[in-house]
Amino acid sequence: MARLDVGLAQRTVVAGVAVHLLTLPLVTWVLLVVVREAQTNNFVQHVRTFARGVADGFEIAPVLGDTNKTSKLLDSVILTGEGVYAELADNGRRTVSALNHPGISYTGRQDLEFSDHPDSTYFIVLPINKSGHDAEVRLGFDKRPTLDDIAEARERIVEVLISYAVLSLVMAVVLVQYLTRPLASLGESARQVASGDHERRLSANTTIREVHDLAADLEKMRAELVGVNAKLRTEMDERARVEAQRQALESQLRRRQRLEALGTLAGGVAHEINNTLVPIMLFAQTVLDAQPPDSPSREDLLGILRSARRSKEVVKKVLTFSRQMNSGKRERLDLTEPVEEVVRLFRALTPPGILVVKCIEGHCLPVIADATLINLLTMNLCTNALQAMGATGGTLTVGLAPLTATGLEPAGVAAGNYMQLRIQDTGHGMDPATMEHIFEPFFTTRAAGEGTGLGLAVVHGIVESLGAILLVDSNPGVGTDFRVLFRVAEEQTASQRAEVRHDIS
């Protein structure tokens, strides 16, 4: 893995800059909107209040109709500094203040909002309620001071936010330096321990509780690992010895599988030869019986019969050999002992990445079987599971439990009481097309030299010879589940029958 040159301080600065680049524009925009709204609302409220006062002056005082008084009141709007334009329209006559700012004239509009028009004058038109007069006052106010205040506020907001961003980044860097200094010291100590200085203590001079606890935990781990080298070396030697024993057992298992396949093949060939010899002997005997005693063909026919009988003896011996390969001592048997024997063996032989779990449930009821065949059956299924998991590792579960079949089980499982031997693995699993052929002799999905393809064929043969039932469930990427159902011996007691409570799922 490549060395990472970007430290926590640099990452913090980059993250802080990114956060501020994302948040500060939004905060700035919100603040500017708030300031602008506040300033413009204050301006509009103030000038409308002022304009209302001017209109009230025209309504209350005897000003209307007197040109001199009207001009003075309009001039007062300009002189107060509040307005830049003042005009009175009374019964069609216009009176304009002489103090109006140059270049400003009333264009017949009235501003409701501050930004209704882009120019710098805010116009207000208010009617004057006085009998005998159809009058209205038209006032204009300068928006530029308010716009200047908004611009100044914008500059101050930007300055404050920039100062805040710089200060927060500086504080973040200082804080990160404070946090990473003890971590750097701890990392240096860890590198010295990794380089061979196993007596170097892992500690951090810090008041931060989390870093102090981390250093304490690492020091405890270092102390525990100091004495592990010798123990690991001993375990490696023991594992090498067990691996050699496993290879020897696998070699014996492969030889047994080849002999099993040879017996099956020999039995099939012998039956075919026997089927051919029977008509030969019958026809030869028939022809011999039909020949007269002095017939020269009798010797030839007798030779045919002698050869056929010798061949029949050979076939008989081959059939006897074939039956011996599939026979065993059938007796009432508790499956617990042979299954536990296989579990103990595989726990010693399995590689480190594979966990072997034994799960024996309830009271194990006796079945009619042969212990040697049960042992071979379990070994083959466990070996197949180990090969399915391979180098990736996983869990091999060997289970044994009583159950009762109620008629809802897969085809071929009759209702009754059974003992279930269950071998589960978390390997690569199989698709339906592969499962169609797994019990065929010499069928294998592994590379050449990695398997004989006889393991599951032998399992199938043993299951058939014992009158048991073999069920398989597998999904690619999930694993495989083999279940072997053995009929419970008929001589079991009524109390034992009552303990069979599990249903096939």
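The values are calculated or read from the model by the stated rules, or taken from the named source; none is laboratory data. Everything numeric here is computed off the predicted structure, so don't read it as measured data. All Cβ positions, even for glycine, are placed from backbone atoms using ideal geometry, and neighbour counts span all protein chains on display. The accessibility values were calculated without ligands, DNA or RNA, using every heavy atom of the protein model including side chains. Shrake-Rupley method; radii C 1.70, N 1.55, O 1.52, S 1.80 Å.
Key figures for this structure:
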{"read-out": "Meets criteria (of a type in the set (A, V, I, L, M, F, W, C), closer than 30 Å to Ala38 by Cα and free of Cβ contacts under 8 Å to residues at least 12 places away in the same chain) for Val125", "value": "no"}
{"read-out": "Near pairs, Cβ below 9 angstrom, 6+ apart or cross-chain, from the range 401-415 (more than 14 Å from Leu470 (Cβ to Cβ) and modelled with pLDDT of 60 or more) to any residue that is hydroxyl-bearing (Ser, Thr, Tyr) and in a strand (DSSP E or B)", "value": "Pro402/Tyr418; Leu403/Tyr418; Thr404/Tyr418; Ala405/Tyr418; Ala415/Thr404"}
{"read-out": "Residue identified as touching a strand residue (DSSP E or B) at 6+ places or on another chain (Cβ under 7 Å), surrounded by 13 or more Cβ atoms within 10 Å (Cβ to Cβ) and among the polar types (S, T, N, Q) among Ser120, Ser185", "value": "Ser120"}
{"read-out": "Residue under evaluation Ala190, criteria (1) under 30 Å from Leu21 (Cβ atoms); (2) under 36 Å from the mean Cα position of the chain (by Cα), criterion not met", "value": "(1)"}
{"read-out": "Qualifying residue in the range 140-161 (condition: closer than 30 Å to Thr67 by Cα, assigned to a strand (DSSP E or B) and not acidic (Asp, Glu))", "value": "yes"}
{"read-out": "Scan of the range 145-182 for residues that are within 30 Å of Phe114 (Cα to Cα), among the β-branched types (Val, Ile, Thr) and open to solvent by 70 Å² or more (accessible area, probe 1.4 Å), ordered by number", "value": "Val160, Ile162"}
{"read-out": "Qualifying residue in the range 73-86 (condition: over 11 Å from Arg138 (Cα atoms), of a type in the set (Asp, Glu) and either open to solvent by less than 20 Å² (accessible area, probe 1.4 Å) or at pLDDT 85 or above (or both))", "value": "yes"}
{"read-out": "In the range 50-73, the residues that are in a loop (DSSP other than H, G, I, E, B) and without any contact (Cβ under 8 Å) to a residue 24 or more places away in the chain", "value": "Ala61, Pro62, Val63, Asp66"}
{"read-out": "Residues being assigned to a helix (DSSP H, G or I) and open to solvent by 50 Å² or more (accessible area, probe 1.4 Å) - total across the range 349-387", "value": "2"}
{"read-out": "Subset of the range 20-50 that is at pLDDT below 85 and hydrophobic (A, V, I, L, M, F, W, C) - its residue that is surrounded by the fewest Cβ atoms within 10 Å (Cβ to Cβ)", "value": "Leu21"}
{"read-out": "Qualifying position, being more than 41 Å from the chain's Cα centre (by Cα) and open to solvent by less than 50 Å² (accessible area, probe 1.4 Å), among Gly53, Gly16", "value": "Gly53"}
{"read-out": "Residues of the range 128-163 satisfying the condition of being in contact with a Leu (Cβ under 7 Å, 6 or more places away or on another chain) and closer than 22 Å to Gln39 by Cα", "value": "Arg154, Ile157, Leu161"}
{"read-out": "Residue pairs meeting the criteria (Cβ under 6 Å; at least 6 apart or on separate chains; first under 16 Å from Asp142 (Cα atoms), in the range 30-49; second part of a helix (DSSP H, G or I) and open to solvent by 40 Å² or more (accessible area, probe 1.4 Å))", "value": "Gln39/Asp149"}
{"read-out": "Scope the range 228-240; condition modelled with pLDDT under 75 and loosely packed, with under 10 Cβ neighbours inside 10 Å; matching residues", "value": "Ala230"}
{"read-out": "Test: Asp119 is within 20 Å of Gln45 (Cβ to Cβ) and of a type in the set (D, E, K, R)", "value": "no"}
